[in-house]
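The values are calculated or read from the model by the stated rules, or taken from the named source; none is laboratory data. All of these numbers come straight from a predicted model, not from anything done at the bench. Glycine gets a Cβ as well: all are built from the backbone with ideal geometry, and neighbour counts include every protein chain shown. For accessibility, only protein heavy atoms count, side chains too; no ligands or nucleic acids. Shrake-Rupley method; radii C 1.70, N 1.55, O 1.52, S 1.80 Å.
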Amino acid sequence: MTPQETWTTIKVLAWTKDYLCTKGIENARLEAEWLLCAATGLDRVGLYLHFDKPLNDDELASFRAMVARRARREPLQHILGTQEFCGLEFQVSPDVLIPRHDTETLVTEALARQPEARSVLDIGTGSGCIAVALAHSLPQAAVTAIDISPAALAMARRNAEHNGATVEFLAGSLLEPVAGRTFDLIVSNPPYIPTADIDRLEPEVRDFDPRGALDGGPDGLDVYRTLIPAVPAHLNPAGWLLVEVGIGQAPAVAELFRKANNYDNPVTARDPGGIERVVGAQRKDVS
């Protein structure tokens with residue numbers, strides 16, 4: 001993109017699509033549109049209504065800077081600063097995992113299993129997307145969220161405020177901050193990528209997501225082995241634990257529920273791509 005040329009909206013989009021394609025970016029045209037929307041303040045319809053409008057110097061400079069970042073495989077969501085999840089807008093940064101639509105399956109399943117929950121706990125909240133989405137859908141529930149990262153908790157608090165959600169945020173590891181407390185529903189999207197697989201992930205994930213939110217140990221199951229046996233002591237009668245899992249991990253995680261011996265038979269739920277993405281079980285009646 002040379003400064004002396006006249007860069008109209010349509011010309012900029014065509015050039016950027018081709019350029020991002022050379023950098024290995026899928027959906028390059030769509031991403032070019034979102035970046036240009038951010039630079040110009042237009043929506044996508046507005047871009048095409050003004051397809052022959054030249055960009056001014058400030059718009060072009062802003063757009064060039066964003067395209068350069070994306071070409072280095074920085075996630076689009078980091079550049080734009082937000083990501084949609086369950087119909088809500090969340091701020092994102094390198095301090096938290098970017099909310100992914102696969103994780104909406106965990107929210108959907110939680111609402112189906114415990115629609116009358118009065119108390120909810122989200123372990124490893126990150127951006128706060130799960131806790132905030134559940135707080136929106138369960139107005140009767142007191143929602144608590146835990147994370148070990150102070151930076152993640154700060155982001156989650158901002159997201160709760162932005163979305164008008166009331167959530168109690170606590171700092172600490174797994175269940176430590178809620179010693180002695182019980183809940184109707186506990187959910188978690190823990191780290192589940194096997195350590196050796198992390199370096200083979202897409203650059204957007206490998207180089208920009210917080211490693212602590214990815215690394216699940218040698219087989220990806222370290223957190224589940226700790227969490228699943230410990231949760232029943234924090235569940236009310238008929239309470240549920242639901243967790244997100246990685247591709248192919250559902251059978252092994254379901255077996256951890258069975259071995260814990262204080263849950264009913266585990267259930268699974270598939271994401272829109274057909275992958276078993278959620279595993280969960282209800283606390284076994286011990287009366």
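If I ask for residues that are crowded, with 16+ Cβ neighbours inside 10 Å and not in a loop (DSSP other than H, G, I, E, B), which ones from the stretch 24-34 would you list?
Correct list: ALA28, GLU31, ALA32, GLU33, TRP34.
What do you reckon, is GLY81 open to solvent by less than 60 Å² (accessible area, probe 1.4 Å) and either touching a Gly at 6+ places or on another chain (Cβ under 6 Å) or among the small types (Gly, Ala, Ser) (or both)? It would help to see each step written out before you state the result.
Values: open to solvent by less than 60 Å² (accessible area, probe 1.4 Å): yes; either touching a Gly at 6+ places or on another chain (Cβ under 6 Å) or among the small types (Gly, Ala, Ser) (or both): yes.
Considered against the rule, which asks whether it is open to solvent by less than 60 Å² (accessible area, probe 1.4 Å) and either touching a Gly at 6+ places or on another chain (Cβ under 6 Å) or among the small types (Gly, Ala, Ser) (or both), GLY81 comes out as yes.
Just a yes or no: is a residue in the stretch 12-23 outside any helix (DSSP H, G or I) and open to solvent by 60 Å² or more (accessible area, probe 1.4 Å)? Full working, then the answer.
From the stretch 12-23, those outside any helix (DSSP H, G or I) are 23; that's our starting set.
Restricting the remaining residues to those that are open to solvent by 60 Å² or more (accessible area, probe 1.4 Å) gives 23.
Looking for residues that are outside any helix (DSSP H, G or I) and open to solvent by 60 Å² or more (accessible area, probe 1.4 Å), one finds at least one in the stretch 12-23, hence yes.
Could you grab me the full set of residues in the stretch 110-124 that are surrounded by fewer than 24 Cβ atoms within 10 Å (Cβ to Cβ), in contact with a Phe, Trp or Tyr (Cβ under 9 Å, 6 or more places away or on another chain) and assigned to a helix (DSSP H, G or I)?
ARG113
When PHE208 is evaluated against the numbered criteria (1) open to solvent by less than 40 Å² (accessible area, probe 1.4 Å); (2) more than 18 Å from VAL279 (Cα to Cα); (3) not in a helix (DSSP H, G or I), which criterion, by number, is the only one it fails?
(1)
Please specify each residue of the stretch 184-207 satisfying the condition of being in contact with a strand residue (DSSP E or B) (Cβ under 7 Å, 6 or more places away or on another chain) and not hydrophobic (A, V, I, L, M, F, W, C).
Within the stretch 184-207, ASP184, SER188, ASN189, PRO190, PRO191, THR195 meet the criteria.
Search the stretch 146-190 for residues being in a loop (DSSP other than H, G, I, E, B) and among the β-branched types (Val, Ile, Thr), and hand back the single one that is surrounded by the fewest Cβ atoms within 10 Å (Cβ to Cβ). Quick ask: steps written out before the conclusion?
If we filter the stretch 146-190 for residues that are in a loop (DSSP other than H, G, I, E, B), which is where we start, we get 148-149, 163-166, 172-175, 179-182, 189-190.
Next cut, among the β-branched types (Val, Ile, Thr) only: 148, 166, 182.
On the way: ILE148: 16, THR166: 12, THR182: 16.
The residue in question is THR166.
Report every pair of residues separated by at least 6 positions or lying on different chains whose Cβ atoms are under 9 Å apart, first residue within the stretch 212-233 and assigned to a helix (DSSP H, G or I), second among the acidic types (Asp, Glu).
Pairs found: ASP222/ASP215.
Quick one: in the stretch 228-252, of everything that is within 20 Å of the chain's Cα centre (by Cα) and aliphatic (A, V, I, L, M), which residue is most open to solvent (accessible area, probe 1.4 Å)? Walk me through how you get there before you give the answer.
Keep residues of the stretch 228-252 that are within 20 Å of the chain's Cα centre (by Cα), which gives 241-250.
Keeping just the survivors that are aliphatic (A, V, I, L, M) gives 241-243, 245, 247, 250.
On the way: LEU241: 0, LEU242: 0, VAL243: 0, VAL245: 0, ILE247: 130, ALA250: 4 Å².
Out of the qualifying residues, it is ILE247.
Taking PHE85, is it over 29 Å from LEU201 (Cβ atoms) and of a type in the set (Phe, Trp, Tyr)?
Details: over 29 Å from LEU201 (Cβ atoms): no; of a type in the set (Phe, Trp, Tyr): yes.
No; evaluated as a whole, the condition is false for this residue.
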